[in-house]
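Notes follow the structure.
The values are calculated or read from the model by the stated rules, or taken from the named source; none is laboratory data. Worth saying up front: this structure is predicted, and the values here are computed from it rather than measured. Neighbour counts are summed over all protein chains in view; Cβ atoms, including those assigned to glycine, are modelled from backbone coordinates with ideal geometry. Areas reflect the complete protein model, heavy atoms only, side chains present, ligands, DNA and RNA absent. Shrake-Rupley method; radii C 1.70, N 1.55, O 1.52, S 1.80 Å.
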There are 2 protein chains.
Amino acid sequence: MRVLVLGGDGFCGWPTSLYLSDRGYDVTILDNLSRRKIDVNLEVGSLTPITAIGDRLRTWREVSGPLIDFVNLDLATEYDRLIAILRELRPDAIVHFAEQRAAPYSMRSPATKRYTVDNNVRATHNLLAALVHTGIDAAIAHLGTMGVYGYGWSGTAPIPEGYLTVKVPTPGGELEREILHPANPGSVYHMTKTLDQLMFAFYAKNDGLRITDLHQGIVWGTQTDQTALDERLINRFDYDGDYGTVLNRFLMQAAIGHPLTVHGTGGQTRAFIHIADTVRCVEIAISHPPRAGDRPMVLNQVTETHRVMDLAKLVGDTTGVEIAHLPNPRVEAEENELAVRNDHFLALGLRPTRLSEGLLTEVTEVAARYAHRADPRKIISRSVWRAGMPCASDLIPFPLQSSPGVTTPRTLRGAEPRA
Amino acid sequence: MRVLVLGGDGFCGWPTSLYLSDRGYDVTILDNLSRRKIDVNLEVGSLTPITAIGDRLRTWREVSGPLIDFVNLDLATEYDRLIAILRELRPDAIVHFAEQRAAPYSMRSPATKRYTVDNNVRATHNLLAALVHTGIDAAIAHLGTMGVYGYGWSGTAPIPEGYLTVKVPTPGGELEREILHPANPGSVYHMTKTLDQLMFAFYAKNDGLRITDLHQGIVWGTQTDQTALDERLINRFDYDGDYGTVLNRFLMQAAIGHPLTVHGTGGQTRAFIHIADTVRCVEIAISHPPRAGDRPMVLNQVTETHRVMDLAKLVGDTTGVEIAHLPNPRVEAEENELAVRNDHFLALGLRPTRLSEGLLTEVTEVAARYAHRADPRKIISRSVWRAGMPCASDLIPFPLQSSPGVTTPRTLRGAEPRA
């Protein structure tokens, strides 16, 4: 079974590519390396020392055997090359990660708002148009987000998997209708995933494309069995204010002795999934695609929910690192409840990796090992949702004069995990 | 009051610009003349002899007095110039027509699908991002479409104005929620307007932008009081298979003796509005904007609904021209009912221009006057919704050898309206 992984060099795309290759799929990565280039512009880098894509693929071949092919292609702008590649490879499945994926980055500036919309919408639409154009009946698995639903909208009802049954009052009595869950995105990034949903619905209806939309929670963890095989296969670890995800940031902050950055009260409840489950879910999705003519299948790719403050306390209690309450750069409710249905993946065989102290330690150890690569000036989130919203100053000074590899600032403590 | 009209050279944009100028608004048109350029590519032209935008504006100055300014700008790609213009003009209101507006054209080819999405989404998003960027608090009136709702979704209930009250079952009892009407677009073009809605909702919520979305029906008619003042001000009249709207096509076909092209059974019920009401609605909308913090205001810009077959019969009976049932190039229900609420515009003072024989005659006279400019090879709709769907051949041959201005084909009859 031949699979294209669009965005296969990114945080979720890379471990997914390795996992699918390990499981016997014939994998080709399409990626324009935009994630690495954004790092260049943000003057930040993965905490872990990721190698160049060519080195990654050579290492995989050396360590594991199978060849993963790579095409450097901008999905949003290089439509004709996409057509040529589809015709050459005729994939059975396409995993679509090729979107700008950070909410803070999408709110950072007019340029990043526009990039997020222009890139994400065109990437998705080019893919859909190209499949119709070539007549290739590949199953699409797209990485969506729990953020399309918003928070606190449906009271005590858990968030369903994509579709909501509602009653519509009419003069002829109430009609029962199953609708796409109303969109309540919290950032330009999340908004683009709600736009994707409408494009998927149209192309499934009009052209019979077979699409699964994976509404993923916040990913934590770094390594999978495959990325851990060799240091040259290591996955990204983002800790900066734009791309770092909340739990990984806490673990990294604990590792370098930086106060844990809680925005607002920390009363926000969020859905989570470990990166090792992400890659399994993707395989489940492409192995169980909808049929032509079906509406898009929506699967909530989450395994548990937690209040941000509870996670901060857990990490703080384990490591002894203090918690810093910082202004919230987002426009959002201070607190929310969250219950999510994830029946489909459980029924299809997912055995969730639960948040446990052992796993937290594993991530903290990764963070500690590469703590010398951290730039504490990049930790504070400075992308605000509206101009003029306050943001914090650096909590740890950065010793620009220190020699390479000895960037541990004076106030650092607890660089070794205490768990 | 200073108004920017984005897309002010088009079928709705031009008469709106003149109307607003006539009503005392200080009007600037932003347009990249894309509609004229698409005509070049389609090898077709307006039935009416529209003059160049410069001639249009000079004539308006000469005939009426006020100056309308013009900027040739591509809203989807020239963001920095848009910022400069917004800062210079600081408009009070912005009318946004600057989108590819034909459903058949949007389904014509992979290139036109992509153009429609890339242009429409980026144009709208650039505008929203630019208003946030500059802090200019202009009221936006955007031309949406009735097609966002789809047809036949809500049973006997008339289509509400944008928002639908539904009941959501929860463990704690039923919740009543007012949601954006579920999107049921019938083409890539209509899909882009459903994407616009989600972008409007986000920017209204996050940034307090004041947005009115005008869900317009199918426009008929050509002239308004202003465009009729001088032939050099004449409005476009599209009759081709991609851009011609159904009633205007029937009237033009009657004028040149072409069979009336009904696709499928003609059982489709559609919403209509006369171009003279379009321009009034736009002024009403920019005079009654929502407040900052309000959700987007949605107004159904329609005055009546008709079954396509009934319109064909009306025109056929009046003019003696036969009806041709052609294959339907669209993926849609053969028949549907349609009831639409338009309470807001009626409450705000719109006095609808009803479809009447007098008005039909007026349009037919315009068509008859310029019948010699018609190319009968451009009448049949050949853009199909799925590859391989059948479409009709030309019903009237085109005499390529005839001399200029004498293109009336042999089989033409009834070039004068018989009403």
Read through the list (1) crowded, with 23+ Cβ neighbours inside 10 Å; (2) farther than 24 Å from A:P329 by Cα; (3) out of contact with any Lys or Arg (no Cβ under 9 Å at 6 or more places or on another chain); (4) within 14 Å of chain B (Cβ to nearest Cβ), then give the number of the only condition that A:L214 fails. (4)
Need a quick list: strands (runs of 3 or more DSSP E) entirely within the range A:127-228 having at least 3 residues that are in contact with an Asp or Glu (Cβ under 6 Å, 6 or more places away or on another chain). A:163-170
Which condition from (1) open to solvent by 10 Å² or more (accessible area, probe 1.4 Å); (2) in a loop (DSSP other than H, G, I, E, B); (3) farther than 22 Å from B:P160 by Cβ is the one that B:P329 breaks? (1)
Scan the range A:81-101 for residues that are under 29 Å from B:A129 (Cα atoms) and out of contact with any Gly (no Cβ under 9 Å at 6 or more places or on another chain) and report the count. 1
Given the criteria surrounded by fewer than 21 Cβ atoms within 10 Å (Cβ to Cβ), at pLDDT 95 or above and more than 8 Å from chain B (Cβ to nearest Cβ), does A:I179 qualify? no
Of the conditions (1) under 24 Å from B:H288 (Cα atoms); (2) within 8 Å of chain A (Cβ to nearest Cβ); (3) of a type in the set (F, W, Y), B:F200 fails just one. Which one is it? (2)
Within the range B:219-242, track down each residue that is hydrophobic (A, V, I, L, M, F, W, C) and surrounded by fewer than 19 Cβ atoms within 10 Å (Cβ to Cβ). B:A228, B:L229
Return the residue satisfying two criteria in turn: it lies in the range A:1-23 and is within 14 Å of A:A98 (Cα to Cα) and hydroxyl-bearing (S, T, Y), and of such residues it is nearest to the chain's Cα centre (by Cα). A:T16
Can we say A:R270 is assigned to a loop (DSSP other than H, G, I, E, B), among the charged types (D, E, K, R) and touching a strand residue (DSSP E or B) at 6+ places or on another chain (Cβ under 9 Å)? no
Somewhere in the range B:242-264, is a residue part of a strand (DSSP E or B), over 17 Å from B:R101 (Cβ atoms) and among the hydrophobic types (A, V, I, L, M, F, W, C)? yes
Unique match (being open to solvent by 10 Å² or more (accessible area, probe 1.4 Å) and within 11 Å of chain A (Cβ to nearest Cβ)) among B:D69, B:D92, B:D118, B:D74: B:D118
Does the range A:256-279 contain at least one residue that is modelled with pLDDT under 95, aliphatic (A, V, I, L, M) and either in contact with a Gly (Cβ under 9 Å, 6 or more places away or on another chain) or buried (at least 23 other Cβ atoms within 10 Å of the Cβ) (or both)? yes
Among residues of the range B:128-153 being within 8 Å of chain A (Cβ to nearest Cβ) and open to solvent by 10 Å² or more (accessible area, probe 1.4 Å), the residue farthest from B:I284 (Cα to Cα) is B:W153
Sole miss for B:V262 among (1) in contact with a strand residue (DSSP E or B) (Cβ under 8 Å, 6 or more places away or on another chain); (2) free of Cβ contacts under 8 Å to residues at least 40 places away in the same chain is condition (2)
Among the candidates A:R369, A:R351, A:R373, residue that is open to solvent by 60 Å² or more (accessible area, probe 1.4 Å) and within 22 Å of the chain's Cα centre (by Cα): A:R351
From the list B:P169, B:P104, B:P185, pick out the single residue that is within 13 Å of another protein chain (Cβ to nearest Cβ) and surrounded by fewer than 24 Cβ atoms within 10 Å (Cβ to Cβ). B:P169
Based on this model, can you work out whether B:L311 counts as open to solvent by less than 50 Å² (accessible area, probe 1.4 Å) and aliphatic (A, V, I, L, M)? yes
